[in-house]
Amino acid sequence: MLRDSFDTALLLPSVAARQSGEQALPARCSSCAIARVCGGGLYPHRYRSGAGFRNPSDYCRDPYRLITHIRRHVADDVALLTAAPR
């Protein structure tokens, strides 16, 4: 049964932490070159018992590899397009 308003739910510590964006990321994520793209990974994958959600994702390596791969290929394609004679 629903008994609380959305405003009340927004005040829950777990919801407020999720909504605080980059400030909720652990130091390792904040200093990462792709943090603005991956956002620290999927929120549930960052949970650790006793530590909460302020942890790197269990799957950090996978999105890092994918995002840097895509970034590299897009940058190469853009370089080719901008260097091509018009």
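Scanning the stretch 12-41 for residues that are out of contact with any helix residue (DSSP H, G or I) (no Cβ under 7 Å at 6 or more places or on another chain), in a loop (DSSP other than H, G, I, E, B) and either closer than 17 Å to GLY52 by Cα or at pLDDT below 85 (or both) yields a count of 4. With respect to being outside any strand (DSSP E or B), modelled with pLDDT of 90 or more and within 19 Å of SER14 (Cα to Cα), PRO56 fits the description. Against the criterion of being surrounded by 13 or more Cβ atoms within 10 Å (Cβ to Cβ) and at positive phi, GLY21 does not qualify.
Screening ILE70, ILE34 for residues that are β-branched (Val, Ile, Thr) and within 14 Å of the chain's Cα centre (by Cα) leaves exactly one candidate, ILE34. Only a single item in (1) at pLDDT 90 or above; (2) surrounded by 10 or more Cβ atoms within 10 Å (Cβ to Cβ); (3) not polar (S, T, N, Q) is not met by LEU80, and it is number (2).
Of the residues making up the stretch 24-46, those that are more than 22 Å from ARG71 (Cβ to Cβ), surrounded by 15 or more Cβ atoms within 10 Å (Cβ to Cβ) and without any contact (Cβ under 8 Å) to a residue 24 or more places away in the chain number 1.
The values are calculated or read from the model by the stated rules, or taken from the named source; none is laboratory data. Everything quoted here is computed from the prediction, not taken from an experiment. For neighbour counting, all protein chains shown are included, and Cβ atoms are generated from backbone atoms with ideal geometry for every residue, glycine included.
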